[in-house]
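Below: the structure, in structure tokens.
The values are calculated or read from the model by the stated rules, or taken from the named source; none is laboratory data. Note that the structure is a prediction, hence the values are computed from the model and not measured. So basically every Cβ, Gly included, is an ideal-geometry build from the backbone, and we count neighbours across all protein chains shown. For accessibility, only protein heavy atoms count, side chains too; no ligands or nucleic acids. Shrake-Rupley method; radii C 1.70, N 1.55, O 1.52, S 1.80 Å.
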Amino acid sequence: MNPVYLNLIQCQQALDSIEAIDYFFADKMFQFYQVDIDSQSNDLQPRFDENDYAQIFHLFLALQWHQRQGHSCLPLKHIAGITLWENEVEQTVQLNSSATLPVAAPAANKPGFLFADHQQLTHLLNRLIEYKTKISTPVEPFQQPIIVENLLLKLSASSDNSSCHVTTSNQNTHDQSDHDITAPSNTNTTSTHVYLRRYWQFENEVAQKIKEKSQHHPVSQQQIQAVKDIFTQLFPQTQAHLNEPDWQQVAVANALGRKLSIICGGPGTGKTYTVTRLLAALQASSLADSHKSNSLNIKMAAPTGKAAQRLKESICGAKEQLKAAGLDLQILDAIPEEASTLHRLLGIKPNQTMPKYNPLNLLECDLLLIDEISMIDLAMMARLLRALPDSTRLILLGDAQQLPSVETGNILADLVANYQVGVSPKAAEQIKQISGQAVVINPAQKADHISFLTKTHRFGGQIGEIAKEVITANPVNSWQRLSRHKMTPNEAEQLKLDQFSDSPIELALIEPSQLETFINAACQQYYLAISRASSLKQAFDALAKFRILVPNRVGQTGVEQLNIQIEQALSKKIANLKINQHYAGRPVMVTENSYTNGLFNGDIGLIWADENNKLQAYFETESGYKKVSLARLPLVETVYAMTIHKTQGSEFSQVALILPEQTNPLLSPELIYTGLTRAKQKLIILAAKPIWYAALNTQLNRYSGLAHRLINFSQGNR
Ligand SMILES: Nc1ncnc2c1ncn2[C@@H]1O[C@H](COP(=O)(O)OP(=O)(O)OP(=O)(O)O)[C@@H](O)[C@H]1O
């Protein structure tokens, strides 16, 4: 029997934003532990009281609720002493005939729940776990679904994250007494994290494997010489400026002898350019290895089909450049031109818990390159690392400043969180020897396997600059930059998008009040061209040219409403267009996985008439267009406008980013950064200043213990 609520509805009436999954999870967990609570014997004092029941139930609720937001754990400090899930409805009070002011309602609409303080919560959880291990139906510690872990953070005087050292206490610590929870000292603090066992295990596995792979192995002089011999072909020009080394060259020279390399950078900073050169360098070094002298078996993958396709295209483009530079064809031919999705790489099938490739059936490759790492969730990362032989090199590419994966975890940001400026003396020597680049030495550097690329090679300047201002949460400068490109009401009314498209200007700011006019102009300028294309290829090209991106699904500027508005505008020009129904030129996004059709949630296709004038759905694949009959098509929705979350791994020539009229919890610098960096050439923003400021002043946090574990491991490593 639930100790607090009669049922889900009653729970939702008291707590805001609770979903059925949260309630039923908490209920199940409570049942698991309640057996013992009910049968508490008198010698196990103090007994749990009503208030304890309520705290425990809401703790379970909070754990699942945070998990649903993508956190891999729940640090108690984020709920201790805080009322969660409260919703006060604003009431308006008539002051006089011309003014109204919002005031808080006297009684909260949803009161939420007030959690006890940190010490009480920790104590309660540890008692609960202890009861379960000791009385009536005891379970072994490893059978406990919940893990309570204390992370002892030793912060340096600067309290800088990058220089904090963390020790992890034993799992399931029952006795908190020797930990100072409140940590009065400014150099020590303990943080209690609550995990579901599954995610705790994933974090530990990932940290352990990353630690093993990040060791440096000696490189022979022969191998170094082989890379030196081709270095000027790999990098005909140096990008070094004054005191800045050429970080692309540094990344390649530094990666030799490492089982793990992580190359991070914003869009267009040359990650693929660099990694193709790295693959060439590694092939040259392998061919020169006196023990093997054969080429490496390389595999490439990305989290989505679109990202895999882009990786493949970029690698092929970069190989062409190297061919033109005269690089040995034996080396070039050993760099693959195929990339698959991670699901395909690991052989993940629906309704099968174990992927085809797993610890008992390891992947066969010497080197695995994965792009768009920020999109990978914790569970997938753990599965991937489990399936990799110890000897396989792993190269990870991504932009650590993008939104984390939709699922649990914050993989890339955690993997690079402990990076410090400079390289270890040993790495500096290798870099200098191969590339001639001099890099700042930092004897404390524990993450030599990480390289950051910062110079943008793609954007003319404005999109790259505003992206930097957004991700460093600088609303003032970014808004000033936008304001300099504001379309005057007159221009906005006429919305000379064609002139904007042809001009060298990259940015435009449009008043949100012009939304309807903008939609009509966008239909005229971009979307009509899809239906009017003379071939399927032309229609796909028109589709890739422009996309409207928004943070939300619902609301006036949510994708659902905008897509209806766009189809309404198009229906004036396209005969037989019915809203939300199929017509030639309708762009659609798959919203469920269909393994039989090889289509996955997020795949984008076009409805188009075949040679018999029959409407079919088409999807771009690595080997041409895949045709799917409408009868077999899984659930789809129209996709002229899409959420920013769904665009990760995709790019468009031109992007219009439309922000909502009200602030909402989704808005953050990371979300806006991800949205605007999808634009390759032009970026139009429809936003009001207060919303822009509010979004950039919001901090996006993903709770996780992975970065802490990695510090702990790397300390042990040295
Ligand atoms: N050092 C360089 N010299 C000349 N051109 C470069 C250099 N670095 C990158 N480029 C060019 O800049 C463009 C962007 O590079 P690349 O595609 O490698 O970036 P990226 O970081 O992988 O981008 P994305 O995040 O979009 O995948 C490419 O056309 C590439 O050829």
- Query: Given labels modelled 7 Å from the Cα in the Cβ direction, how far is it in nm from Gln143 to Thr591?
  - Reply: 4.3 nm
- Task: Just list whichever of Lys299/Lys349; Lys28/Lys132; Lys209/Lys259 have alpha carbons separated by over 18 Å in the model shown.
- Result: Lys299/Lys349
- The set of residues whose placed amide H lies less than 5 Å from the amide H of Asp603, leaving out same-chain residues fewer than 5 positions away, is Val590
- Message: Beyond a 21 Å Cα-Cα separation, which of these cross-linked pairs lie in this structure: Lys468/Lys682; Lys213/Lys323; Lys486/Lys572; Lys213/Lys426?
- Response: Lys213/Lys323; Lys486/Lys572
- Would you tell me the accessible area of Met354, worked out with a 1.4 angstrom probe on the heavy atoms of the protein chains, in Å² to the nearest 10? 100 Å²
- Compute log10 of I(q)/I(0) for the range 187-264 with the Debye formula, placing one identical point scatterer on every Cα and leaving out solvent, at q = 0.22 Å⁻¹, to two decimals. -1.09
- Leaving out ligands, DNA and RNA but keeping every protein chain, what accessible area does Arg47 have, in Å² rounded to the nearest 10, with a 1.4 Å probe? 110 Å²
- Item | Cα-based equivalent ellipsoid of the range 333-487: semi-axis lengths in Å, sorted from largest, via gyration tensor | 33, 25, 15
- Solvent-accessible area per residue for the range 608-718 (1.4 angstrom probe, square angstrom): 40 Å²
- Message: Could you work out the percent of alpha carbon pairs in the range 516-636 separated by over 22 Å, rounded to a whole number?
- Response: 34 percent
- Item | Extension gain, Glu86 back to Ser503 (0.36 nm per residue minus Cα-Cα distance, nm) | 145.2 nm
- Message: Starting from 0.36 nm per residue, how many nanometres of slack lie between Lys349 and Ala473 once their C-alpha separation is accounted for?
- Response: 40.6 nm
- Message: Using each residue's phi in the range 418-430, evaluate 6.51 cos²θ - 1.76 cosθ + 1.60 at θ = phi - 60° and report the 3J(HN,Hα) Karplus result to the nearest Hz, with x for Gly and Pro.
- Response: 9, 5, 10, 5, x, 10, 5, x, 5, 5, 4, 5, 5
- Query: From the phi of every residue in the range 48-53, what ³J(HN,Hα) in whole Hz does the Karplus formula 6.51 cos²θ - 1.76 cosθ + 1.60 yield, where θ is phi - 60° and glycine or proline is x?
  - Reply: 6, 10, 3, 5, 4, 3
- What residues from the range 352-380 fall in the zone where the backbone N is under 13 Å from a label point 7 Å along the Cα-to-C-beta line of Val406? 375-377
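Share of the range 505-574's accessible area from carbon and sulfur, percent, 1.4 Å?
The C+S portion of the solvent-accessible surface of the range 505-574 is 49 percent.
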- On alpha-carbon atoms, Rg over Rh for the range 393-434 using Kirkwood Rh? 1.11
- Of the listed links Lys271/Lys680; Lys573/Lys627; Lys455/Lys680, those spanning more than 21 angstrom between alpha carbons are Lys573/Lys627
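Taking 0.36 nm per residue of sequence separation and subtracting the Cα-Cα distance, how much length would be gained by fully extending the chain between Gln538 and Glu516, in nm to one decimal?
5.2 nm
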- Solvent accessible area, Å² - Phe235, 1.4 Å probe, full protein context: 10 Å²
